[in-house]
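Please treat every number below as a calculation from the coordinates, not as lab data. The structure displayed is predicted, hence computed values, not measured ones. Counting neighbours? That spans all protein chains shown, and the Cβs are built from the backbone with ideal geometry, glycine included.
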Amino acid sequence: MQIHDLGGDAWTVRALSGPVPEDLRERLEAGIPAAVPGVVHLDLLAADLIPDPYDGENEGAVQWIGLTDWEFSRVFDWSGTDEARTELVADGLDTVATIALNGTPLGGTANQHRSYRFDLSTALRTGENELRIAFRSPVEYAREQEAVLGERPHSYRHPFNAIRKTAANFGWDWGPDLATSGIWKDLRIEVWSSARIASVRPLIALDGSTGRLTAHVALERESDEPVDVTLELEGHVLSATAAEGEAEVVLELEVAEVEPWWPRGYGAQRLYPLTVRVPGQEWSGRIGFRSVTLDTTPDPAGTPFSIAVNGQPVYVKGVNWIPDDTFFPRITRDSLARSLGHAVDANVNLIRVWGGGLYESEEFYELCDELGLLVWQDFLLACAAYSEDEPLWSEFEAEAREAVTRLTAHPSLALWNGGNENIWGWVDWGWRPRLAGATWGDGYYTDLFPRIVAELAPGTPYSDGSPFGFSKYVHPNDPANGTMHIWDVWNQVDYTTYRAYRPRFVSEFGFQGPPAWSTLTSVVHDEPLDPFGPQMLVHQKANDGNGKLERGLGAHLPQPADIDAWHATTQLNQARAVAYGIEWFRSLAPLNTGSIVWQLNDCWPVVSWAAVDGHDRRKPLWYALRRVFADRLATVQPSPEGVALSLHNDSAERWSVGVVLRRITVEGDELARHETDAGVEARSLERIVLPEEFLAAEDPARELIVAELSTGERALHFFVEDTELTLAGDALAVEAVRDGSEVVLRLTASSVVKDVVVHADRVDPDAVVDEALVTVLPGETRELRIRTDADPAGFTVEPVLWSVNSLVAAAQPVVVWRGCSGPSRG
């Protein structure tokens, strides 16, 4: 096979029709330079014709791009070939396109989530050739298709459910409305004869220490000549011959004494290089020998949702994943490695690729294979009813078959899921009267997708949706059955409501907070900076999001007096809310088998649920996740036996530990003490019920319980909220010294100092601190290390260094700051 790359900067893009600004019309109708892979927004940015869509209020100023038809074109030379087949291969076109070569139509596309091949035999000529790819406005096309298919319920502004394009590209409650167009993946010409490898689909089985590989090699044939197919796997070689007319060869290999692939925290990630060859072409990848099962067998408590790898149940410590940038061609292996590295460093073991995004690149899944991150992959449907009529049904089938076939090789792929919140929407969100009997997607979730998974990936579990109760007689968001999403917390009720649920598995829950200060102020320039300023609200996509941030403080934290305190307080509250939920869920193990936080990452700088912001900066939430997702967690929680120290051991070894329980005052005076030993078996939970004298606080505003473990873990329990707690504003002494490339902060407390956070990026946008949310007990000294070249003194004062103590001291007795008063919201 010969491959001729058509990518690069030899392209031109021009506007064909649409609301192009008058001052740009002449130039854009003539055309500007374009890059492939790419999208038109990036070409316009490179030509300095539009401002950065992420900055200020620019998102609204560039809406015309998604309403415009565009054409990409280039000229290339061709010297001819003796091979039988010459094809144009498009790995990804975004989205509705018509392709012509030298004026000859080659075909069209209507799906961002699949690849296409076009025969060039009659259109390609020796010498100069001109290729043109015209794209319809995705917004206008979606509206047209909605009129044809029939209006169906969907979230947000645009009918994304009428077009096979990333739903979030039209705007979400964390993402901008920047509908893209372009050749977003590789484009090339392939020349071949006889046969080519259309796909390789390795199916894996693990029986004890014996691994079994069944490789399905699909062939596209040009002639009836026999085709030799060879498979190599670490010294093992198999060969077979595809006879006349055969479109698939199946090669089976048994390997003794294999090293299994495990998710992180459960073992090593052994990967075996696999190569498949036909004359003139080679496919290569890596496989891992492992088994994955999903247990949803009803039990006396309802229906579990338990993922097991190699027979070992995995307690899921997961995060939801959205596309890492609104403009997908900017996502690279390096950027993915950084983002997934954040997950690994936070002790995450599962990534859920959410249904409003995309089937990620090979690099994404390869990295998950290497890092031991299990992947829960949604089919790409989210928060909407979807027509089951043509042409959508065929498009869904084509993209699903391609995605399942492509991803089957990856040992990290642990679950296929039918979609996000669509079944819940049909049951609970008032869709049925609006649909009036029209199809809504049920056929995809209960027929098409499970059939495809059973056919192409029979060893991979499937779930109809998320949330889902695994019975048509059970509410899809019932906490006792299957998976649930908890969104009354954040939207309506206080985060302490997490304890009202005893969920088997939580696949979405979360709480918002602003991005790092330097991230926020790089795109929001309101004067004065205010939570309800116009540019701030452009970067807050949730309905009444900043109002919910304010109300979400409840009695937990004081209402902030200024924008600096607002930023620190709401970031802290986000971290606390999510940690509160996870600690409760883990205390319910094994009834609860895990949770998946919404969300790990952002696609742009925005106030959102993310733990890592759009400029790759870790928020306090990330540090909270690292703590509560640790293999060993100590947390004080209610239990059927009473208030208890819950010890969850998600490690492979028994946890033998000495425990010292103390009730102390905020000044450090010891009021009660109890010492005991505990032994927690691997992958299990034990509770130590607190003695009565520990719960009978004489002065709740001045007392707390400290549980210190001989293995280094610590759990704290306060009797009142911080707004009632007696905290001294001057209790913390800070010393800053340089130690090579780092600044060391030494924090010494004369009385309890709660949740110290250093917003290091306010001094140096590139600074990284090793810890956050540090509570310093009386008489203690704790050290924080900051990677930076900046002056150490800058990290010792507000608004860089905050604690609950300083937030309480800074709070006004009566809220007078405009940002926190009702009228400012209109």
Any chance you could list P(r) for region 239-366, counting all Cα-Cα pairs in 10 angstrom bins from zero, rounded to whole %?
9, 28, 31, 23, 8, 1
Could you pull out every residue, at least 5 positions away or on a different chain, whose amide H is within less than 5 Å of the one on Ser608? Hs are placed 1.01 Å off N in the peptide plane, and Pro or chain starts have none.
Gly513
About the Cα centre, and with charges only on the beta carbon of Lys, Arg (+1) and Asp, Glu (-1), how big is the dipole of region 391-527? Nearest 20 debye, please.
460 debye
Which trypsin sites (Lys or Arg not before Pro) from region 129-226 combine a DSSP loop assignment with at most 10 other Cβ atoms within 10 Å?
Arg157
With θ taken as phi - 60° and the coefficients 6.51, -1.76 and 1.60, list the Karplus ³J(HN,Hα) couplings across region 348-354 in order, rounded to whole Hz; mark glycine and proline as x.
6, 10, 8, 10, 9, 7, 6
Select from region 12-80 those trypsin sites (Lys or Arg not before Pro) which occupy a DSSP coil region and have at most 11 other Cβ atoms within 10 Å, ordered by residue number.
none
For region 650-656, Karplus-derived ³J(HN,Hα) couplings (6.51, -1.76, 1.60; θ = phi - 60°; whole Hz; x for glycine and proline) come out as 9, 10, 7, 10, 4, 9, 9
If you count, for each residue, the other Cβ atoms within 10 Å and average over each peptide, how do 616-627, 102-113 line up from highest to lowest?
616-627, 102-113
Under a 5 Å amide H to amide H cut-off, with H placed in plane at 1.01 Å, what residues pair with Ser194 once short-range neighbours are removed?
Ala84, Glu222, Ser223
For a quick protection proxy, order the peptides 500-513, 628-641, 402-415 by their average other-Cβ count within 10 Å, most packed first.
500-513, 402-415, 628-641
Cross-link list Lys165/Lys472; Lys541/Lys619; Lys185/Lys317; Lys317/Lys619; Lys619/Lys754: which exceed 23 angstrom alpha carbon to alpha carbon?
Lys165/Lys472; Lys185/Lys317
Would you mind computing Rg(Cα) / (2.2 N^0.38 Å) for the chain, counting N as its residues?
1.01
Please turn the phi angles of region 571-583 into ³J(HN,Hα) values with the Karplus equation 6.51 cos²θ - 1.76 cosθ + 1.60 (θ = phi - 60°), one per residue in order, whole Hz, x for glycine and proline.
5, 5, 5, 4, 4, 5, 4, 5, 4, 4, x, 5, 4
Past the 21 angstrom mark, what percentage of all C-alpha to C-alpha distances in region 399-541 do you count?
61 percent
Any aspartates and glutamates with Cα under 20 Å of the Lys548 Cα? List them, leaving off those in the same chain fewer than 8 positions away.
Asp173, Asp488, Asp494, Glu508, Asp530, Asp562, Asp564, Asp602, Asp613, Glu721, Asp722
GluC sites (Glu not before Pro) restricted to DSSP loop in region 179-249 with at most 11 other C-beta within 10 Å
Glu234, Glu244
If amide H atoms are built 1.01 Å from N in the plane of the peptide, which residues on other chains or at least 5 residues away come under 5 Å of the amide H of Arg632?
Asp650
What is region 101-210 by shape, rounded, prolate or oblate, if you read a ≥ b ≥ c off the alpha carbon gyration tensor as root eigenvalues and call it rounded for a/c under 1.5, prolate for a/b larger than b/c, and oblate otherwise?
oblate
Would you be so kind as to identify which of Ala346, Val375, Ala308 lies farthest towards the positive end of the dipole of the chain, taking Lys and Arg as +1 and Asp and Glu as -1 on Cβ and the Cα centre as origin?
Ala308
